[in-house]
Amino acid sequence: MIAVRRICSVALVASGLAACAAPPRVPHPPPPRLDRAALVERVREETRHAWAAYAKYAWGHDELRPMTQAPRDWYGESLLITPVDALDTLVMLGLGDEAAAARKLIDEQLSFDKDIVVKNFEITIRVLGGLLSSYQLTGDRKLLWLADDLGARLLPVFESPTGMPYMFVNLKTGKPSGSKTNPAEIGTLLLEFGTLSKLTQKPAYYDKAKAAVMKLYERRSALGLVGEEIDVETGRWLRSDSHVGGGIDSYYEYLLKAAILFDDEDLRRMWKTSVAALNDRLADEAGGHLWYGQVDMNSGRRTASEFGALHAFLPAVLVLGGELDRARRLEASCFQMWQLRGIEPEVIDYRAMAIRSPRYQLRPEIIESAWYLRRATGDAEYLAMGKTFFDALLAHTRTPDGYTVLDSVETWAKGDLMPSYFLAETVKYLYLLFAPDDAFDFDRVVLTTEAHPLRHTW
Ligand code: DMJ
């Protein structure tokens, strides 16, 4: 009897249940009805709180360091990264005064005529994408002019022997640099460069960004996978680890989203082949949950079982691609990762359910996926998830002066940065999740990897 009891309790501990005997069947109480209107209002208030801190301590600079109440510029001189990244959020949330102030700042002060070497990917997704979506939302032609000026200065990145972009470029001289790069930095340009092409009627932007992604796709392995690092001068892979995390993630996202926004059949075919390879080779089952881990792109051999905050973009893209069951299961896994500590760590090992990187960078991906799932299914479970995310952000990342990243979700030690994507993405997806389903017209709209809505108007 004792032996039986022990076996029983070990099994129950392993399965996370509290008692040995089958518990009486008590129906789950229905989830409490959320007051969506109150949540929407609270997200607006918190956005105002974050923006006010930027305005007070970092006005005219790239980002805010909320703990030291200081500004941060990425390249010594400001490119107004937070105001540009945040402007469409301020407009969409109806924060009229804040949006007007951001627009005035951008119209009057933003200049790209600077002798600085910038990262093409980050400036494209945050600044070029922000300018384009804000132009479409406001009709302010200065924003389109700025986008065109920036696009022209970034364009030399594509002048490599393979046509795949260098990682950096000097905004004044046009000198590109950094031949070792990754799929995300090559493949996450087409929504922004393509939209710029359509709005300015300059085909070069679309053609170069599309050629680059095709060159990358051509270099996929026989298994249909891409690796982690590639040299754009030789076209050779430098690292063959394949996964859907940082450095690769949004390459896949843009195959599908660009196929949708531009009605591009090449890209649709490339997405279909690629997602089939991901589902076939990277998808992994552990603890009854679906994950996407790491394999070698050539042999398919499993190399690691890591998953993290960045990987959590995938349920959203699976929803867009019509794979609802996988999306649901993967978001449930992401939620399990969140619940390990009550806020998600940057990376876990999903087999050991152990934290590998304890930071929380105020990332939006898990919230983004909850919003896509909510729209696709109508299920209240995703609203409840969103409330869990929002409550945790309020409890652990809010400061008297905006919001900050966490150095550790194990100790709750705070870092000192409010990344621009917090205002571009994190609060926007929370708002969209709680807002009435028809609050925005998403007809022919695709959201970029930085949550900038781009509308097909051409
Ligand atoms: C954002 O800058 C973009 O979403 C990018 O694609 C990767 N993730 C960060 C936010 O986590």
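Between Ala354 and Ala439, how high is the FRET efficiency from 1/(1 + (r/R0)^6) when r is the Cβ-Cβ distance and R₀ = 35 Å? Nearest 0.05.
It comes to 0.30.
Could you work out Rg/(2.2 N^0.38 Å) for region 299-432, with Rg from alpha carbons only?
Details: Rg = 14.7 Å, N = 134, 2.2 N^0.38 = 14.1 Å.
Working it through for region 299-432, the quotient is 1.04.
From the backbone phi of region 300-313, what are the Karplus-calculated ³J(HN,Hα) couplings (6.51 cos²θ - 1.76 cosθ + 1.60, θ = phi - 60°) in whole Hz, Gly and Pro given as x?
Once θ is set to phi - 60°, the couplings for region 300-313 become x, 5, 5, 10, 6, 10, 9, 8, x, 4, 6, 4, 5, 6 Hz.
Got the relative contact order for the chain handy, in percent, Cα pairs under 8 Å and 6 or more residues apart? Before the final figure, lay out the partial values.
Working: 829 pairs, mean separation 74.5, N = 458.
RCO, the chain: 16 percent.
Across all directions of projection, what mean area in square nanometres is found for the Cα convex hull of the chain?
Taking a quarter of the hull surface, the average projection is 22.9 nm².
Which value, in debye to the nearest 20, describes the size of the charge dipole of region 88-141 about its Cα centre when Lys and Arg Cβ atoms bear +1, Asp and Glu Cβ atoms bear -1, and nothing else is charged?
140
What are the residues whose amide H is under 5 Å from the amide H of Arg356, where those residues sit 5 or more places off or on another chain and H is modelled from the backbone?
Val347, Ile348, Asp349
For region 205-219, take each phi angle, set θ = phi - 60°, evaluate the Karplus expression 6.51 cos²θ - 1.76 cosθ + 1.60, and give the result in whole Hz per residue in order, putting x for glycine and proline.
4, 5, 4, 5, 5, 6, 4, 4, 5, 5, 5, 5, 4, 4, 8
Taking the Cα centre of the chain as the origin and placing charges on Cβ (Lys, Arg +1; Asp, Glu -1), which of Gly288, Asn298, Thr200 is farthest toward the positive end of the dipole?
Most positive-ward Cα: Gly288.
Please give every one of the lysines within straight-line cross-link reach of Lys208, meaning a C-alpha to C-alpha distance under 23 Å, and leave out same-chain neighbours fewer than 8 residues apart.
Lys119, Lys172, Lys175, Lys180, Lys198, Lys257, Lys272
If one computes the Cα centroid of region 139-203 and of region 365-428, what distance in Å separates the two points?
Value for the Cα centre distance between the two parts: 30 Å.
Kirkwood Rh over Cα pairs of region 197-316 into Stokes-Einstein at 25 °C, 0.890 mPa s: D in µm²/s?
161
Which distance in Å, rounded to a whole number, links the C-alpha centroids of region 434-458 and region 40-67?
23
Chymotrypsin sites (Phe, Trp or Tyr not before Pro) within region 136-183: which are DSSP loop residues with at most 12 other Cβ atoms inside 10 Å?
none
On the first, second and third principal axes, largest extent first, how far apart are the outermost C-alpha atoms of region 86-139 in Å?
That gives 35, 21, 16 Å along the principal axes, largest extent first.
So what is the 222 nm mean residue ellipticity for the chain from helices alone, if each DSSP H run of at least 4 adds -39500 (n - 2.57) and you divide by all residues, rounding to the nearest 500 deg cm²/dmol? Numbers along the way, then the final one.
Details: 17 runs with 212 residues, N = 458.
My calculation for the chain gives -14500 deg cm²/dmol from helical runs alone.
Nothing charged except the Cβ atoms of Lys and Arg (+1) and of Asp and Glu (-1): what's the magnitude of the dipole of region 289-335 about its Cα centre? Round to the nearest 20 debye.
Around 100 debye, computed over region 289-335.
Testing the spin-label approximation: label points 7 Å from Cα along Cα→Cβ at Arg44 and Ile116. State their distance in nm.
3.4
Could you compute the FRET efficiency for Ser299 and Lys175, with r as their C-beta to C-beta distance and R0 at 45 Å, rounded to 0.05?
0.70
Within region 120-195, which GluC sites (Glu not before Pro) sit in a loop by DSSP and count at most 16 neighbouring Cβ atoms inside 10 Å? All intermediate terms of the calculation are to be shown ahead of the outcome.
Working: sites: Glu122, Glu159, Glu185, Glu192; in loops: Glu159.
For GluC sites (Glu not before Pro) across region 120-195 that sit outside H, G, I, E and B with at most 16 neighbouring Cβ atoms in 10 Å, the list reads Glu159.
Could you give the length gained by full extension between Asp416 and Thr377, i.e. 0.36 nm per residue of separation minus their alpha carbon distance, to one decimal place?
Full-extension gain reported as 10.3 nm.
Roughly what would the spin-label model give for Ala211 and Arg141, points 7 Å off Cα along C-beta, in nm?
In this crude spin-label approximation the distance works out to 3.1 nm.
Rounded to the nearest 20 Debye, what is the dipole magnitude of the chain about its Cα centre when Lys and Arg each give +1 and Asp and Glu each give -1 at the C-beta?
820
We did not get these values from a lab; they are worked out from the coordinates using the rules stated. These numbers come from a predicted model, not from an experiment. Cβ: placed from backbone, ideal geometry, glycine included. Neighbour counts: every protein chain shown.
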